[in-house]
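What follows is a single structure, written as structure tokens, with notes after it.
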Amino acid sequence: MAAAEKTYCRQVQTPDSSDTQQRLCLSMPKQAEYIIKRLEANGFEAYVVGGCVRDSLLGRIPGDWDITTQASPQEVKAIFGRTVDTGIAHGTVTVMRGNEAYEVTTYRIDGEYEDGRHPKNVSFTSCLEEDLMRRDFTINAMAYSQRTGLIDIFEGEQDLKEKRIRCVGNPYDRFKEDALRILRALRFSAQLGFAVDPGTREALRSLAPNLGCVSKERIQTELTKLLLSDNPDYIRMVFEDGLAPWISENFGQIKRDRIQVSKSIPARAPLRWAAVLRYETEETARNVLKELKMDNDTIARVKILVHWWKRAIGSDEKEIRKTMSEMPEDAYDDLLAMKQSCQDIPESPKELETISRLTELIRRRGDCISLKTLAVTGNDLIEQGMKPGKTIGKALGILLDTVLEDPENNKKEKLLAQLYHKGCL
Ligand code: ATP
Ligand code: MG
């Protein structure tokens, strides 16, 4: 693609000295600025675009700085020394600057979408406006460079001011092209505390069945981002707007009435998902997450929380040690954190305080709560003449129980003597 000398996009104007004063000035990382300047020096337009512009205008720190340019991927590669072909078919080249990586994507028009999933093809364009038009929401469709200032064709800045998520163009068309945008609308709404514009909301409600075409991983990523946001309770919109049955079969079965995900629950995936699934059985919780391709570690943690949140930990040291022994240390901490932020649990706030205090004491004292620190090992029992196999496991279990009752029992002689008296040795 040749570097277009003039741009034919409506609002893109070369700055004139009279408006420089009022023009908004975003501070971007030095390296992003360098990449843009370098592309411009080679005759190509280039801008930071999307999430970083939105976040900068909101005074939030952007996660990454994406660059959009008129230069073709080959031209980008020719200009910069160190590049990686990250998504060259879609026009994305990663430019390395020191340790930093910047995704530089050629202005693009997304072709027709195949069954609401992927564009059949993408074609490059030399017009920034066309690239901005393919983006999902007005607040994500702004570009900025020091040369031009803010390029805001779809009134994204106004929507930011009015705290509104609104599709670029006709929301029905946009959700039909890519149904993931339905969940992205709710996710951004939760992350930013914005309302979904009525037109956009109506469209997402009526096109909910299109979610059936979206990959489960992508759905899960959006729902997890929503749950980890400052407004995890917005997950209710997924139910209120009739999206749940189209998320997945198991998700559609979740009991919606009691869902409450308080933002006081620490923003970690197992905790927030457990809050959504807590009234379900462990089996259902597992099935929901498995279907959404959640990783096994998170599923295991959610299962522990779903099992335990409604059960009393117990309020004396013995019972607390027993509960602690049933799960990994950090899962136990998550359980306490979850109980501290839920209301419908067996413990009163006072009891929870006692449990926290005693937990700390047990840890500080280094009480044995697992086979790892039991004074007798499997090898000790073999040395005592026991046959390797299940009986050893059983015997160690009995000894751990005694030690959980009273940590003073965690002495090799004492424990072996006990087995001897029981006739196990
Ligand atoms: P985050 O802070 O979560 O990364 P983001 O706005 O950067 O937010 P990304 O998913 O990284 O979101 O996408 C970058 C940009 O690409 C978006 O701002 C938007 O302009 C565009 N975009 C991403 N996904 C879509 C989509 N499904 N449909 C249309 N445009 C999209
Ligand atoms: Mg991003």
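The values are calculated or read from the model by the stated rules, or taken from the named source; none is laboratory data. As the structure is a prediction and not an experimental result, all values here were calculated from the model. No Cβ is skipped: glycine too gets one built from the backbone with ideal geometry, and neighbour counts run over all protein chains shown. For the accessible areas, the whole protein counts, side chains as well, though only heavy atoms, and no ligand, DNA or RNA atoms are used. Shrake-Rupley method; radii C 1.70, N 1.55, O 1.52, S 1.80 Å.
Observations, loosely collected:
- Residues that are touching a residue at least 24 places away in the same chain (Cβ under 8 Å), under 22 Å from M324 (Cα atoms) and surrounded by fewer than 16 Cβ atoms within 10 Å (Cβ to Cβ), drawn from region 375-400: I398
- Check on G43, open to solvent by 20 Å² or more (accessible area, probe 1.4 Å), part of a loop (DSSP other than H, G, I, E, B), assigned by TED's automatic domain parsing to the domain that holds Y144 and within 21 Å of R147 (Cα to Cα): yes
Residue by residue, here is whether (1) over 22 Å from K372 (Cβ atoms); (2) part of a helix (DSSP H, G or I) holds:
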residue	(1), (2)
R301	no, yes
R321	no, yes
M324	no, yes
M327	no, no
D334	no, yes
D344	yes, no
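- Hey, D197 surrounded by 18 or more Cβ atoms within 10 Å (Cβ to Cβ) and among the acidic types (D, E) or not: yes
- Of the residues R321, R286, the single one that is under 22 Å from the mean Cα position of the chain (by Cα), outside the structural domain of V403 (by TED's automatic domain parsing) and modelled with pLDDT of 95 or more is R286.
- Filtered by the rule that a residue be near ligand 2 (Cβ under 10 Å from one of its atoms), open to solvent by 10 Å² or more (accessible area, probe 1.4 Å) and not in a loop (DSSP other than H, G, I, E, B), region 47-79 gives G51, R54, D55, D66.
One line per residue, one yes/no per condition, for (1) open to solvent by 40 Å² or more (accessible area, probe 1.4 Å); (2) closer than 14 Å to Q191 by Cα; (3) at pLDDT 95 or above:
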| position | (1), (2), (3) |
| --- | --- |
| K225 | yes, yes, yes |
| L228 | yes, yes, yes |
| L243 | no, no, yes |
| I254 | no, no, no |
| D257 | yes, no, no |
| A267 | yes, yes, yes |
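- Contact annotation: residue pairs with Cβ atoms under 7 Å, 6 or more positions apart or on different chains, pairing a residue in region 280-297 that is in contact (Cβ under 8 Å) with a residue 40 or more places away in the chain and open to solvent by 80 Å² or more (accessible area, probe 1.4 Å) with a partner that is in a helix (DSSP H, G or I) and among the charged types (D, E, K, R), are K293/K216; K293/E217.
- Any helices (runs of 4 or more DSSP H) falling wholly within region 150-258 and containing at least 2 residues that are over 22 Å from V122 (Cβ atoms) and of a type in the set (S, T, N, Q): 180-192, 198-206, 216-227
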